Amino acid sequence: MARVFISIGSNIDRQAQIVAGVRALRNLYGKVTLSSVYECEPVGFVGDHFYNLVAEVQTDVGPGQVGQDLKALEKAHGRIDFSKKFSARKLDLDILLYDDQILDAPVQIPRDEIPENAYVLWPLAELAPDLLHPVLNKSYQQLWQEYDKNKQIIRKVPFNWPE
């Protein structure tokens, strides 16, 4: 079973979309372990703030299929244009890590933005603080400690999960 970390984000109907995204991941993979939920400004465009978190799942499905499954979930939640990197999203799902694999195709693993964006790095450091980045060979806790906290404003938010 591979240990897979997936980023989850939304800036349109955030509460409902995050809950729906987590439910969809549970339907696909069973047990899902979640970080706290964080709020931050969008990167690369002007718009409403995002809710972001990281989920950990375990699966026998390969990284290419996981990527396809996540795209299908995004599409089912209203994403039409996959060509825009920076835009408003009902649901944004990305594979961050797939075990300690390093891949450029069919999906990029680890995602380049892990050490660059607080909305990925902080929840990942919370969920897997001692896990080492397979390229940088530093723990996510160490990467978070070294991160310039003035670069991106982010805050942990209380989140009401339905029973």
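The values are calculated or read from the model by the stated rules, or taken from the named source; none is laboratory data. For clarity, every value in this text was computed on a predicted model and none was experimentally measured. FYI the Cβ positions are ideal-geometry reconstructions off the backbone, even for glycines, and counts take in every protein chain you see.
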Self-check item: Matching residues, the range 26-41, being among the aliphatic types (A, V, I, L, M) and in contact with an Asp or Glu (Cβ under 9 Å, 6 or more places away or on another chain)
Solution: 28, 32, 34
Quiz item: On the given criteria, is residue 56 over 18 Å from residue 160 (Cβ atoms) and touching a residue at least 24 places away in the same chain (Cβ under 8 Å)?
Solution: yes
Self-check item: Failed criterion for residue 102 (all others in (1) surrounded by fewer than 15 Cβ atoms within 10 Å (Cβ to Cβ); (2) among the β-branched types (Val, Ile, Thr); (3) in contact (Cβ under 8 Å) with a residue 40 or more places away in the chain; (4) farther than 17 Å from residue 40 by Cβ hold)
Solution: (3)
Quiz item: Can you name the residue in the range 57-76 that is among the charged types (D, E, K, R) and either touching an Asp or Glu at 6+ places or on another chain (Cβ under 8 Å) or farther than 18 Å from residue 91 by Cβ (or both) and is also modelled with the lowest pLDDT among such residues?
Solution: 74
Exercise. Could you list all residues from the range 30-52 that are β-branched (Val, Ile, Thr), closer than 20 Å to residue 4 by Cα and surrounded by 14 or more Cβ atoms within 10 Å (Cβ to Cβ)?
Key: 32, 37
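For the range 6-16, indicate whether the set of residues that are basic (Lys, Arg) and over 16 Å from residue 95 (Cα atoms) is non-empty. Reasoning before the result, please.
We begin by selecting, within the range 6-16, every residue basic (Lys, Arg); these are 14.
Filter once more, keeping what is over 16 Å from residue 95 (Cα atoms): 14.
Yes, the range 6-16 has at least one match.
Of the residues 27, 11, which is within 19 Å of residue 71 (Cα to Cα) and surrounded by fewer than 19 Cβ atoms within 10 Å (Cβ to Cβ)? Show your work before the answer.
On the way: 11 fails: surrounded by fewer than 19 Cβ atoms within 10 Å (Cβ to Cβ).
None of the other options fit; the residue is 27.
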